[in-house]
Amino acid sequence: MALDPVRDARGAPRYRCICDDCGREDTVAARHGRDGSDGHGQAVSKIQRLGWSYIGKRLRCGTCEAKRKVEKMAARTGQKTPAETAPREPTRVQKREIMDILNEVYDHDRQCYCGGETDDTVAKVLNVMPGWVAGIRDEFFGPGGTNDDMAALGDEIRKFMQDTQARLTAAKLEVESLEAVIGRVSSMSKTLDQIKDAVGPRNLVRVK
Ligand SMILES: [Zn+2]
């Protein structure tokens, strides 16, 4: 700690406070006492009022104290999240919690999740790794590939495909029937041409 007992021009006792981080100086009025260090307490409380800090016998000016706080905060938020530092295996308690929630949201009879639940949604609720849920679900419950929502969507897709197939078949029949009609009309047209030729202007003249 850098606290120097000094005196001002008129001889009044002062302490020169030096920032241990950057060397900045400030001066406060404080009695020195007999050996020059008795006034430390008073000097420290005065310099603290000016925004300085005195932590772990280290004196810091306002700027350096603010910097220290920011760095400390950054170090804390830079720490890994629980998921990153989590052990590879769930604890007994976590296993039981996963079992409990699977009992609620997994349909034993139909071998699928209820509603929109998945390994991920269960993991999120318990704040555990989705892989743990998948492992326990596989071992004690059943496959996790589907849930009610997916099944419902699957049904919808199947119905749509059936409807579309039926419409396609109907359209094909319609095309065939139109082709048949066109065939008939074109053969009628040929016959008409033959009749025209037979009763052409030359022959008509002859009739006259
Ligand atoms: Zn400083």
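Computed from the coordinates by the stated procedures, all read-outs in this text should not be read as laboratory data. Please read these numbers as outputs of a predicted model, since none were measured by experiment. Cβ sites come from the backbone with ideal geometry, for glycine too, and all protein chains shown count toward neighbours.
Close Cβ contacts (under 9 Å, 6 or more residues apart or on different chains) running from residues in region 53-77 that are over 16 Å from Q42 (Cα atoms) to residues that are surrounded by fewer than 10 Cβ atoms within 10 Å (Cβ to Cβ) comprise E65/I55; R68/I55. The single residue among A75, A66 that is surrounded by fewer than 18 Cβ atoms within 10 Å (Cβ to Cβ) and more than 16 Å from the ligand (Cβ to nearest atom) turns out to be A75.
Here is a check on your reading of the model: is C22 within 16 Å of the ligand (Cβ to nearest atom) and buried (at least 18 other Cβ atoms within 10 Å of the Cβ)?
Spelling it out, it is not the case that C22 is within 16 Å of the ligand (Cβ to nearest atom) and buried (at least 18 other Cβ atoms within 10 Å of the Cβ).
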